[in-house]
């Protein structure tokens, strides 16, 4: 699995990609803060903001299929959260707020997707660190990105080994037990690998600070 599978479109050559990382971060934050802060009565401005976000995604040449798959994953969570509003305030007064919550969440989510897919993750972490992000948190995010694809490769190997040792159809309960065992083994292997990586980095003078060329 490629190490840039999380931000696969971040190394393009469009106008959005050529902007400085700090500028892109500020633009995304401005869109998110504006989307959350707009009053419900100003729904035309929310629509204009959504058009601006879609324009940025189009300029960055991010495929609609990629965006749609991620929005579909977000929608159930957002809808479940939004349904609590009319349930607590009454359906007559809460439907408008529910619609506003869904629109704000989708616009903010698309703005975050735009930021991640026009900025390589290492440059995004460096920009966040320059903006005041704690050094420890920046290091955790950098290592999470670096070793997440290694964890997925390990999971693929374990799943392949499990399939090669199982024959015929199995019941649902057996599948649940096997999956739980697989997750437990993956956690143990991840902890063991983390200990080895920490020991190797400490022996090479790791001081806890992420250093970049720029």
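Since every read-out is calculated from the coordinates, none of them should be taken as a lab result. The model shown is predicted, which means the values in this text are computed figures rather than measured ones. Backbone-built Cβ (ideal geometry, glycine too); neighbour counts: all protein chains shown.
Order by neighbour count: 97, 188, fewest other Cβ atoms within 10 Å first, most last.
On the way: 97 15, 188 10.
Ordered from fewest to most neighbouring Cβ atoms within 10 Å, 97, 188 come out as 188, 97.
Using only Cα atoms, tell me the angle between helix 21-37 and the longest principal axis of the chain; keep it within 0 to 90° and round to the nearest 10.
For helix 21-37, the angle is close to 60 degrees.
Measure nothing fancy, just the Cα-based angle from helix 91-118's long axis to the longest principal axis of the chain, in degrees from 0 to 90, nearest 10.
Rounded to the nearest ten degrees, it is 60.
Using a 10 Å cut-off around each Cβ, can you sort 108, 58 from fewest to most neighbouring Cβ atoms? Walk me through the numbers on the way to the answer.
Numbers: 108 19, 58 12.
So the ranking, lowest neighbour count to highest, is 58, 108.
Against the longest alpha carbon principal axis of the chain, how many degrees, from 0 to 90 and to the nearest 10, is the axis of helix 43-59 turned?
Relative to the chain, helix 43-59 is tipped by roughly 50 degrees.
Tell me, what is a quarter of the convex hull surface for the C-alpha atoms of region 134-203, in nm² with one decimal?
Numbers: hull surface 24.2 nm².
Mean orientational projected area (region 134-203, Cα hull): 6.1 nm².
Suppose R0 equals 41 Å; then what is the FRET efficiency for residue 179 and residue 83 from their Cβ-Cβ distance, rounded to the nearest 0.05? Show your work: numbers first, answer last.
Details: r = 30 Å, r/R0 = 0.73.
About 0.85, to the nearest 0.05.
Among [x] 1.05; [y] 0.93; [z] 1.02, which one is Rg/Rh (Cα atoms, Kirkwood Rh) computed from these coordinates?
Correct label is [x].
Please order 33, 116 by the number of other Cβ within 10 Å, starting at the fewest.
Final ranking by Cβ density, sparse to dense: 33, 116.
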